[in-house]
Amino acid sequence: MFGGMAVMVVTTVCGWEIGSMNNGNLSNVLVGGAIGAVVGVPIWVWLGYMVLRNKNVAPNKVIPDDSTT
C-alpha cells in the first residue's frame with residue numbers, strides 16, 4: 001500500500017518538475033503535475049489490486065491412511 005502511495009507522489013512531483021522546466025509557467029507546472037497524477041493513479045490502483053487480490057492457495061487436505069484397518 002505504501003509503495004503505491006509513493007508511486008503516486010513520485011509521479012506527481014516529477015510531472016510537476018518536468019512542467020516547471022518548460023519556461024516555468026504556472027499552467028505548464030499544473031499540466032505536468034496533472035499528467036504525473038494521471039500516470040500514477042493506474043499504477044497505484046494496479047499495485048493495490050495486486051496486494052489485495054484473493055490468491056489461489058493450494059488445498060490443505062489431509063488424505064486419510066486407510067492401510068491400518
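Computed extension gain for residue 31 through residue 63, at 0.36 nm per residue and net of the alpha carbon distance, reaches 5.4 nm. Here the alpha carbons of segment 2-52 define both size measures, Rg and Dmax, at 12.1, 42 Å.
Here each label is just a point 7 Å from Cα along the line to Cβ, and for residue 55 and residue 41 those points are 3.0 nm apart. Exposure proxy ranking for 63, 18, based on other Cβ atoms within 10 angstrom of each Cβ and starting from the fewest, stands as 63, 18.
Here, each number is a calculation from the coordinates, and none is a lab measurement. Remember, it's a predicted structure, so these values are computed and weren't measured experimentally. Here Cβ is always computed from backbone atoms with ideal geometry, including for glycine, and neighbour counts include all displayed protein chains.
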